[in-house]
1. Could you go through region 49-61 and let me know if any residue there is within 13 Å of the chain's Cα centre (by Cα) and closer than 22 Å to residue 158 by Cβ.
2. Looking for something closer than 28 Å to residue 181 by Cβ, within 16 Å of the chain's Cα centre (by Cα) and not in a loop (DSSP other than H, G, I, E, B) - is there at least one such residue anywhere in region 86-100?
3. Which condition number does residue 160 fail, the rest of (1) crowded, with 17+ Cβ neighbours inside 10 Å; (2) touching a residue at least 40 places away in the same chain (Cβ under 8 Å); (3) in a helix (DSSP H, G or I) being met?
4. Which numbered condition in (1) in contact with a strand residue (DSSP E or B) (Cβ under 8 Å, 6 or more places away or on another chain); (2) exposed (fewer than 12 other Cβ atoms within 10 Å of the Cβ); (3) in a loop (DSSP other than H, G, I, E, B) is the only one that residue 188 fails?
5. Is it true that some residue in region 58-65 is outside any loop (DSSP other than H, G, I, E, B), in contact (Cβ under 8 Å) with a residue 40 or more places away in the chain and in contact with a strand residue (DSSP E or B) (Cβ under 6 Å, 6 or more places away or on another chain)?
6. I'd like the full set of residues that are surrounded by fewer than 18 Cβ atoms within 10 Å (Cβ to Cβ) and closer than 26 Å to residue 25 by Cβ, limited to region 123-145.
């Protein structure tokens, strides 16, 4: 079955501009696993979560349905990449200690994916999914980003995006939940780095196809006014929302 590929055209900027997940997240996830032989990063994208998992697990299998994403993923000797839909779960039964889904669970056919997770996890295994919504910088910059998100790109967001807006609380998660600490991503970015990140939004590609315009370019002057000196580095933060549990 074909899948809605929102990110292959964005693979190169996605690999360059997406923020890094905190090391503490992966340390905490590993601490909740009974074993550390094999992790599966489903919907790996550019592989940033997979490479972080390789610090804590002997082997990591990282899969994504997009060939373009996998071809640009970060190389690591502990990570094996494969082009595969997450619902396929073509991994040995009862062999996986941790399944992670970073910013991708909302795209899945959940019943099929969860069945596959139950099949591949070994006793004591964990499923962890997380997402992040809008970043925060300063009130002035945040207002421009919100304008871009709601007013410029609002109608171009895939319907699945609503689950990000609800911090995944609108998604079914039929597993025994674990209480999670608070985690967030943080980057010290210039204005150009922020613009590069905003250009990786899936709605931006749909907007460009429909209007022949670059959505971020339409608000660039507002961003410049709100940011100040473009080369000044400012703290950009994204709180993470997690769903973590055992079968």
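1. Initially, region 49-61 is screened for residues within 13 Å of the chain's Cα centre (by Cα), giving 49-50.
Next, from what is left, pick out any that are closer than 22 Å to residue 158 by Cβ: 49.
Yes, there is a match, as at least one residue in region 49-61 is within 13 Å of the chain's Cα centre (by Cα) and closer than 22 Å to residue 158 by Cβ.
2. Checked against the condition, which is being closer than 28 Å to residue 181 by Cβ, within 16 Å of the chain's Cα centre (by Cα) and not in a loop (DSSP other than H, G, I, E, B), region 86-100 yields at least one hit.
3. (1)
4. (3)
5. Filtering region 58-65 down to residues outside any loop (DSSP other than H, G, I, E, B) leaves 59-64.
Then drop every residue that is not in contact (Cβ under 8 Å) with a residue 40 or more places away in the chain, which leaves none.
Looking through region 58-65, none of the residues is outside any loop (DSSP other than H, G, I, E, B), in contact (Cβ under 8 Å) with a residue 40 or more places away in the chain and in contact with a strand residue (DSSP E or B) (Cβ under 6 Å, 6 or more places away or on another chain).
6. Within region 123-145, the first condition is being surrounded by fewer than 18 Cβ atoms within 10 Å (Cβ to Cβ), and the residues that meet it are 123-124, 133-134, 136, 138-140, 142-143.
Answer for region 123-145, where residues must be surrounded by fewer than 18 Cβ atoms within 10 Å (Cβ to Cβ) and closer than 26 Å to residue 25 by Cβ: 123, 124, 133, 134, 136, 138, 142.
Readers should treat all values here as calculations from the given coordinates under stated rules, not as data from a laboratory. Bear in mind that the values here come from a model prediction, so they are computed numbers and not experimental data. Reconstructed Cβ throughout: ideal geometry from the backbone, glycine too, with neighbour counts over all protein chains shown.
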